[in-house]
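Here's the structure we're looking at; comments come further down.
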Amino acid sequence: MNRSIALILAGGVGSRMKISTPKQFMVVDGQTVLQHTMRAFQQHQLVNAIYVVTPPQWQDYVCQQAHDAGIGKFVTCFAAGENSFLSARNGINALAEKEDGSTVVLIHDAVRPLVSQDIISRNIAVCLSRGNAITALPSQESYMVISRKADGNDREVVSTEYVPREQLLRAQTPHTFLLRDLSAMMRQAEKRGITYSQSIFTLANELGHVPLHTAEGEKINFKLTYPSDITIFQAILHEMQA
């Protein structure tokens, strides 16, 4: 049976939060955001291990956080890179030295702490049956395509096209692949000199590692990006605990 593991990316600096502490280490309802995220994978019966990618200066702190929260599946930290893609690459390359190529790897943003047990289950099931899984939701809006900036004003743009919402999906994480496929993608990216991609699923598209298969996401599996997101997260936690 395939082993399933979580690779949690916790290398961000949280600049849009306008705070000095990275947002994954913010305390919300008595636990850091990362602890909330790790607990979701800790609770899932099919997840065998948890690895965290984080800057070297935070690694001891993450280990202590895992211990304090009783995250028994936590194994170790890997060093983050200069951007999220390089962090993911570091984590994948390090996993290749520790795990079998048939291992199912769920790559997840640390700042999506409301990932549900159902999302994790769907990702593992889709990956095992189809070869990969990208958490996604149908778009509720149509999107305007920027044609040009108007009069040199960055805030004023002109659009002459749109993309119908029926053609769009909104990607979340986890992004789930077999480790051998992730390793192959990283080798291919290195040969092509790719040092940045928005995510593993965008990299897969760039490299032609398609088709990509979707695992149904959920609205509350949102990414904590702005201060208002923390308020929403707190409200949801309180509602879930009520």
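The values are calculated or read from the model by the stated rules, or taken from the named source; none is laboratory data. None of the values given here were measured: they were computed from a predicted structure. Glycine also receives a Cβ, built like all others from the backbone with ideal geometry; neighbour counts cover every protein chain displayed.
Some notes on this structure:
- Residue within segment 180-195 that is at pLDDT 95 or above, in contact with a Ser or Thr (Cβ under 9 Å, 6 or more places away or on another chain), within 19 Å of SER121 (Cα to Cα) and surrounded by 15 or more Cβ atoms within 10 Å (Cβ to Cβ) present: no
- Pair list, Cβ under 7 Å, 6 or more apart: segment 55-70 residue under 12 Å from MET38 (Cβ atoms), other residue part of a helix (DSSP H, G or I): VAL62/LEU34; GLN65/LEU34; GLN65/GLN35; ALA66/MET38; ALA69/GLN35; ALA69/MET38; ALA69/ARG39
- Segment 186-230, subset over 25 Å from ILE119 (Cα atoms) and among the basic types (Lys, Arg), residue nearest to the chain's Cα centre (by Cα): ARG187
- Taking segment 186-199 as the range and being in contact with a helix residue (DSSP H, G or I) (Cβ under 6 Å, 6 or more places away or on another chain) and within 22 Å of ILE5 (Cα to Cα) as the test, only MET186 passes.
- Meeting the requirement of 1 or more residues that are touching a strand residue (DSSP E or B) at 6+ places or on another chain (Cβ under 9 Å) and within 18 Å of ILE8 (Cβ to Cβ), the strands (runs of 3 or more DSSP E) wholly within segment 93-151 are 104-109, 132-138.
- Residues that are under 16 Å from ILE107 (Cβ atoms) and among the hydroxyl-bearing types (Ser, Thr, Tyr) were ranked within segment 38-75; the one that is surrounded by the most Cβ atoms within 10 Å (Cβ to Cβ) is THR54.
- Filter result for the condition that a residue is buried (at least 17 other Cβ atoms within 10 Å of the Cβ), touching a Pro at 6+ places or on another chain (Cβ under 7 Å) and at pLDDT 95 or above, over THR214, THR173, THR135: THR135
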